[in-house]
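All remarks here apply to the structure that follows.
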Amino acid sequence: MDKHYNFREIESKWQKNWAESRLYKVSEQSDKPKYYVLEMFPYPSGNLHMGHVRNYSIGDVVARFKHMQGYNVLHPMGWDSFGLPAENAAIKHGVFPRDWTLSNIDNMKKQLKSMGLSYDWDREVTTCLPEYYKWTQWLFIQLYKKGLAYKKHAAVNWCPSCATVLANEQVVEGCCERCGTQVEKKALDQWFFKITDYAQRLLDDLEKLPGWPEKVKTMQHNWIGRSEGCEAMFKTEAGDELPVFTTRVDTIFGVTYMVLAPEHPMVEKLTKGTEYEQPVAEFVKKVQQLSNIDRTSGNLEKEGMFIGAYAINPANGDKVPIWITNYVLMDYGTGAVMGVPSHDERDFDFAHKYDLPIIRVIAESADKADEPLTEAYTDIGVLVNSGKFNGMTNKPDAIGAICDWLEEQGLGKRVINYRLRDWLISRQRYWGAPIPMVYCEKCGPQPVPDEELPVLLPTDVEFLPFGESPLKTSASFAEAKCPCCGGPATREMDTMDTFMCSSWYYLRYCDAHNDQAPWNKEKTDYWLAVDQYIGGVEHAILHLMYSRFFTKALYDMGLVSQEEPFTNLLTQGMVLKDGTKMSKSLGNVVSPEEIIDKYGADTARLFILFAAPPERDLEWNDSAVEGCYRFLNRIWKLIYSIHEAGYQPRELTAADKELRRVVHATLKKVTEDIAGRFNFNTAISAMMEMVNAMSAYRDAEGEAANADVICDAAEKLIIMLSPFAPHICDELWQQTGHADVVYNQPWPAYVEEYLQKAEVEIAVQVNGKLKARLVIPSGLDQAGTTAAVEAHADYAKWLGDKQAVKTIVVPDKLVNIVVK
RNA sequence: GCGGACGUGGCGGAAUUGGCAGACGCACCAGACUUAGGAUCUGGCGAGUGAUCGUGAGGGUUCAAGUCCCUCCGUCCGCACCA
């Protein structure tokens, strides 16, 4: 056996071996239970970063462990390869997006392979290739046929720098999620998916996901933003309807004004031809300009103006002035809000600023009805100044009663509102899947027939973003034939949001090369749902919500049998250096390539799993990496020395049994840490302890090591470590005389009986303070333990001059003597 | 403002069900081997001379609290005029 650990040789040898023997290939033909472990596929930027290394190391431990535990494991990898960076690179370097992307994939695949990950590469998917996006387009058409894809003219989020529109989810604090540029509003005809149809199910089914982090579920919950309320029908003096949405209909008798969003269609109608027309139009324009900069971020000073019209309150017939303000949004509720300064903080501030009246309609008790308000009263109370509802508790009684009352008169209705908006999927950029629609003057919009898919991306295009789709610069792309009448038609020029491609890739892995359908349902029925999904928390809303929506829509069409795609979700923390995220601009990037080159993939994997539990952020530490490298070297030397020593078997001594106990205790801990809670860091530290114990046993004075015990320990160590550091383990396994690879070994079971200790050290406490540690035979009951403690020579000393009144015994752990 | 997570040695972290706080590793210190060591091995390593004190601060429950309850402070993340 080789004396030294030569990771370079070992790692390339085994990577080659695994690839040539197709070790990680899987199929549905298996008697074993299935297990689908998936890591979020990368965007092929060209180089792996430490976040990838962390993500894929975690997934690989799970995949290898589950396989060894007897599961038929699907563990695939692919490329989320449409998107802006390729296009930007094309513009900058004059290369073609496809070439740039494919060469990046090539490079990253090499890097991934150098990590020794157990992927079935035969199932690789690449979203930018026609064999994949053909089905992305096909799925678009299915959604269209179901009425879940529609085109509308709407004010949309526009990033001037990326020269394309963005989904609401891609706007962060008023800025483009990608480039940070202030997002503007632009009115365009765009394609949307009706994700709002699924708002309630997306919300309800979060409860069916106990294996998801609370944090992610809370974020989705808030993003969906369900709120129950009442739509109350206010009317203008002329009788035009002006419904308002409110969750506080109990305050309706306190309305002293009404507010419309500046964009509200009634604003123009109500002011036309009046003295207010000009100033109102100016105000609206000002707010709209402002909205580009501030309206969605920061603390905007509330401003507004009276528009010269009045509304009638349906509850009491009061005539209240109609205002417009910068704090009412057109795209939530009805774009109209009732102003109740007495019981809403924003309305209170606004009323103060513009001297609007304040009428109290809720008080702590009826006799406090006339107490002046210095701030909005938002607590629970009873109704006052509210006609026949006076004296009623506001929540929930008055809300229900007033709703009923309005409904009876046809003046209101119960309504549920969601903050979630439909998903805007049109993009005015080149490097995406073309939206497979054609427009015919006679027949209107028509989906491209299946047999004409895919609609290929043209190559004769100008990439420079100019605010419209680059596909328009192609000489031939626009021309199409109407599938309906056969007449001339024009193609849709926009491409799809790349989040569409990643909303179904986990399905394609089940049947990656099917050219007749996106997948065979028998195959997805077998593999789905993903048992364990692993990725960054930054996808908590976008990707994870869209994928859930997709799965539900596909379920409703009968294309899949699952309503939720991912049973368990692990969100890994970031990899930090010097306390901040690694980034090129800060110059604190540690390259995985360099680390693998210097210490090997096994060390890199081991460190990244050892340094912190997976959900938490991880601080990169060069010398701790060396520590892991030393650990692998110690193991190598340990196994080498055992192998060379030629130990003999014999009857078990106490020391032999103790080592055997450590081995089985470690096995138990490692198994539970991987399977139960993904605490790889403590699994590794347990193996380090075991290695320390093996060295101490080997070097102990007296009898030489027992071959049975130490060789069994070595074998189990190699098996246990193999999901973490697979190359070194296969090499050690082979060099110690085994034929097959460790991956094909069953995960060993620990033997309960071997975990028993003959003696245990217990703590002796007096009133909870530690006084001594005592070695006693294990398994003593309460009385036996108490007797052993009381028989101890120092017993009287522990008590001092006090009397023992009670003794608490935790068997094999501690004794606490309560004294007075 | 609302929601979530967290706070333990010089550092990363462990303590899974309320039961010996600081496992394991890093850094550091000492020793061995050595011409030499940034290699390897061995030992030490929360504070305090000590009794003791110690898990962000203060209080509480308990025989026993890092863990449970209350109040407060701090850090990070998400959402943010959603009527």
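The values are calculated or read from the model by the stated rules, or taken from the named source; none is laboratory data. Being a predicted model, the structure only gives us computed values, none of them experimental. Ideal geometry is used to build each Cβ from the backbone, glycine not excepted, and the neighbour counts take in all protein chains shown.
Just to verify a result, which residue in segment A:187-201, among those that are of a type in the set (A, V, I, L, M, F, W, C) and more than 16 Å from RNA strand B (Cβ to nearest atom), is nearest to the chain's Cα centre (by Cα)?
The qualifying residue nearest to the chain's Cα centre (by Cα) is A:Phe193.
Select from segment A:601-622 the residues that are acidic (Asp, Glu) and over 22 Å from the mean Cα position of the chain (by Cα) and write down the one among them that is surrounded by the most Cβ atoms within 10 Å (Cβ to Cβ). Step through it out loud before you land on a result.
Of all residues in segment A:601-622, those acidic (Asp, Glu) come to A:602, A:615, A:617, A:619, A:622.
Checking the rest, the ones that are also over 22 Å from the mean Cα position of the chain (by Cα) come to A:602, A:622.
Numbers: A:Asp602: 27, A:Asp622: 12.
Result: A:Asp602.
List every residue pair whose Cβ atoms lie under 7 Å apart, where the two residues are 6 or more positions apart in sequence or sit on different chains, the first residue falls within segment A:393-413 and is within 21 Å of A:Gly239 (Cβ to Cβ), and the second residue, located anywhere, is part of a helix (DSSP H, G or I).
A:Gly412/A:Cys403; A:Gly412/A:Leu406; A:Lys413/A:Glu407
Can you name every residue in segment A:761-788 that is within 9 Å of RNA strand B (Cβ to nearest atom) and in contact with a Ser or Thr (Cβ under 8 Å, 6 or more places away or on another chain)?
A:Ile762
Tally time: how many residues in segment A:415-469 are hydroxyl-bearing (Ser, Thr, Tyr) and surrounded by fewer than 18 Cβ atoms within 10 Å (Cβ to Cβ)?
Adding up the residues that qualify gives 3.
Give, as residue ranges, the strands (runs of 3 or more DSSP E) completely inside segment A:488-594 that count at least 3 residues that are of a type outside the set (Lys, Arg).
Per the criteria, A:488-491, A:530-536, A:566-572.
Evaluate segment A:151-163: report whether one residue or more is within 15 Å of RNA strand B (Cβ to nearest atom) and under 17 Å from the mean Cα position of the chain (by Cα).
No, segment A:151-163 has no match at all.
Can you find a residue that is surrounded by 11 or more Cβ atoms within 10 Å (Cβ to Cβ), within 13 Å of RNA strand B (Cβ to nearest atom), part of a loop (DSSP other than H, G, I, E, B) and charged (D, E, K, R) anywhere in segment A:743-759?
yes
Condition test on A:Ala604, is it closer than 20 Å to A:Leu48 by Cβ, in a loop (DSSP other than H, G, I, E, B) and touching a residue at least 40 places away in the same chain (Cβ under 8 Å)?
For A:Ala604, the condition - closer than 20 Å to A:Leu48 by Cβ, in a loop (DSSP other than H, G, I, E, B) and touching a residue at least 40 places away in the same chain (Cβ under 8 Å) - is not met.
Which of the following residues is within 15 Å of RNA strand B (Cβ to nearest atom), touching a residue at least 24 places away in the same chain (Cβ under 8 Å), over 30 Å from A:Ala309 (Cα atoms) and touching a helix residue (DSSP H, G or I) at 6+ places or on another chain (Cβ under 9 Å): A:Glu184, A:Glu173, A:Glu169, A:Glu177?
A:Glu169
Please list, ordered by first then second residue, the pairs with beta carbon atoms under 7 Å, 6 or more apart or interchain, first in segment A:311-326 and in contact (Cβ under 8 Å) with a residue 60 or more places away in the chain and closer than 23 Å to A:Glu408 by Cα, second among the charged types (D, E, K, R) and crowded, with 21+ Cβ neighbours inside 10 Å.
The qualifying pairs do not exist here.
Condition first: at pLDDT below 90, within 24 Å of A:Thr246 (Cα to Cα) and away from RNA strand B (no atom under 14 Å from the Cβ). Now tell me which residues in segment A:260-297 satisfy that.
A:Val284
Please enumerate the residues belonging to segment A:105-133 that are acidic (Asp, Glu) and touching a residue at least 40 places away in the same chain (Cβ under 8 Å). Give the steps one after another, and end with the answer.
Residues of segment A:105-133 that are acidic (Asp, Glu), as a first pass: A:106, A:120, A:122, A:124, A:131.
Across segment A:105-133, the qualifying residues are A:Asp120, A:Asp122, A:Glu124, A:Glu131.
If A:Arg414 satisfies all but one of (1) closer than 27 Å to A:Cys482 by Cα; (2) within 16 Å of RNA strand B (Cβ to nearest atom), what's the number of the condition it fails?
(1)
Of the numbered conditions (1) touching a Ser or Thr at 6+ places or on another chain (Cβ under 9 Å); (2) within 16 Å of RNA strand B (Cβ to nearest atom), A:Thr682 satisfies every one except a single condition; which is it?
(1)
Against the definition (more than 15 Å from RNA strand B (Cβ to nearest atom), crowded, with 20+ Cβ neighbours inside 10 Å and in contact (Cβ under 8 Å) with a residue 60 or more places away in the chain), how does A:His727 come out, yes or no?
Yes; evaluated as a whole, the condition is true for this residue.
Specify which of the listed residues (A:Asp525, A:Asp494, A:Asp556) is surrounded by 23 or more Cβ atoms within 10 Å (Cβ to Cβ) and among the charged types (D, E, K, R).
A:Asp494
Where in segment A:1-116 are the helices (runs of 4 or more DSSP H), entirely inside, with at least 1 residues that are surrounded by fewer than 19 Cβ atoms within 10 Å (Cβ to Cβ)?
Those helices (runs of 4 or more DSSP H) span A:7-20, A:84-93, A:97-113.
A:Ala261 is checked against (1) without any contact (Cβ under 8 Å) to a residue 60 or more places away in the chain; (2) crowded, with 17+ Cβ neighbours inside 10 Å and fails just one. What number does that condition carry?
The failed condition is (1).
Is it true that some residue in segment A:418-432 is out of contact with any strand residue (DSSP E or B) (no Cβ under 6 Å at 6 or more places or on another chain), within 16 Å of RNA strand B (Cβ to nearest atom), among the charged types (D, E, K, R) and within 23 Å of A:Leu166 (Cα to Cα)?
Taking segment A:418-432 first, the residues out of contact with any strand residue (DSSP E or B) (no Cβ under 6 Å at 6 or more places or on another chain) are A:418-421, A:430-431.
Applying the additional criterion that residues be within 16 Å of RNA strand B (Cβ to nearest atom) yields A:418-421.
Imposing the further condition that a residue be among the charged types (D, E, K, R) reduces the set to A:419, A:421.
Retained after the next criterion (residues that are within 23 Å of A:Leu166 (Cα to Cα)): A:419, A:421.
Yes - at least one qualifying residue is present in segment A:418-432.
Just one of A:Ser583, A:Ser591, A:Ser641 is over 18 Å from A:Phe7 (Cβ atoms), among the polar types (S, T, N, Q), surrounded by 14 or more Cβ atoms within 10 Å (Cβ to Cβ) and modelled with pLDDT under 95; which is it? Break it down into steps so the answer makes sense when it comes.
Values: A:Ser583 fails: surrounded by 14 or more Cβ atoms within 10 Å (Cβ to Cβ); A:Ser591 fails: over 18 Å from A:Phe7 (Cβ atoms).
Result: A:Ser641 is the single residue among A:Ser583, A:Ser591, A:Ser641 that is over 18 Å from A:Phe7 (Cβ atoms), among the polar types (S, T, N, Q), surrounded by 14 or more Cβ atoms within 10 Å (Cβ to Cβ) and modelled with pLDDT under 95.
I'm trying to understand the selection: among the residues of segment A:168-210, which are on the phi < 0 side of the Ramachandran plot, surrounded by 14 or more Cβ atoms within 10 Å (Cβ to Cβ) and among the small types (Gly, Ala, Ser)?
Scanning segment A:168-210 gives a single hit, A:Ala199.
Filter segment A:613-625 down to the residues that are more than 6 Å from RNA strand B (Cβ to nearest atom) and either more than 23 Å from A:Phe678 (Cβ to Cβ) or in a helix (DSSP H, G or I) (or both) and list them by number.
A:Asp622, A:Val625 - these are the residues of segment A:613-625 that are more than 6 Å from RNA strand B (Cβ to nearest atom) and either more than 23 Å from A:Phe678 (Cβ to Cβ) or in a helix (DSSP H, G or I) (or both).
May I ask you to verify whether A:Lys716 is out of contact with any Pro (no Cβ under 8 Å at 6 or more places or on another chain), of a type outside the set (Gly, Ala, Ser) and either surrounded by 13 or more Cβ atoms within 10 Å (Cβ to Cβ) or not in a helix (DSSP H, G or I) (or both)?
It is false that A:Lys716 is out of contact with any Pro (no Cβ under 8 Å at 6 or more places or on another chain), of a type outside the set (Gly, Ala, Ser) and either surrounded by 13 or more Cβ atoms within 10 Å (Cβ to Cβ) or not in a helix (DSSP H, G or I) (or both).
Take segment A:555-600 and flag every residue that is more than 21 Å from the chain's Cα centre (by Cα), within 30 Å of A:Thr524 (Cα to Cα) and touching a residue at least 40 places away in the same chain (Cβ under 8 Å).
Once the filter is applied, which keeps residues that are more than 21 Å from the chain's Cα centre (by Cα), within 30 Å of A:Thr524 (Cα to Cα) and touching a residue at least 40 places away in the same chain (Cβ under 8 Å), segment A:555-600 yields A:Asp556, A:Met557, A:Leu559, A:Val560, A:Ser561.
Right, A:Phe193: modelled with pLDDT of 95 or more and within 30 Å of A:Ile534 (Cα to Cα) or not?
yes
Need the failing condition index for A:Ile639 against (1) part of a helix (DSSP H, G or I); (2) within 14 Å of RNA strand B (Cβ to nearest atom); (3) in contact with a Leu (Cβ under 7 Å, 6 or more places away or on another chain); (4) closer than 23 Å to A:Ala675 by Cα, just the number.
The failed condition is (4).
Counting only residues that are outside any helix (DSSP H, G or I) and of a type outside the set (Asp, Glu), which one in segment A:266-280 is surrounded by the fewest Cβ atoms within 10 Å (Cβ to Cβ)? Break it down into steps so the answer makes sense when it comes.
Of segment A:266-280, the ones outside any helix (DSSP H, G or I) are A:272-276.
Applying the additional criterion that residues be of a type outside the set (Asp, Glu) yields A:272-274, A:276.
Numbers: A:Lys272: 11, A:Gly273: 6, A:Thr274: 12, A:Tyr276: 19.
Filtering first and then ranking leaves A:Gly273.
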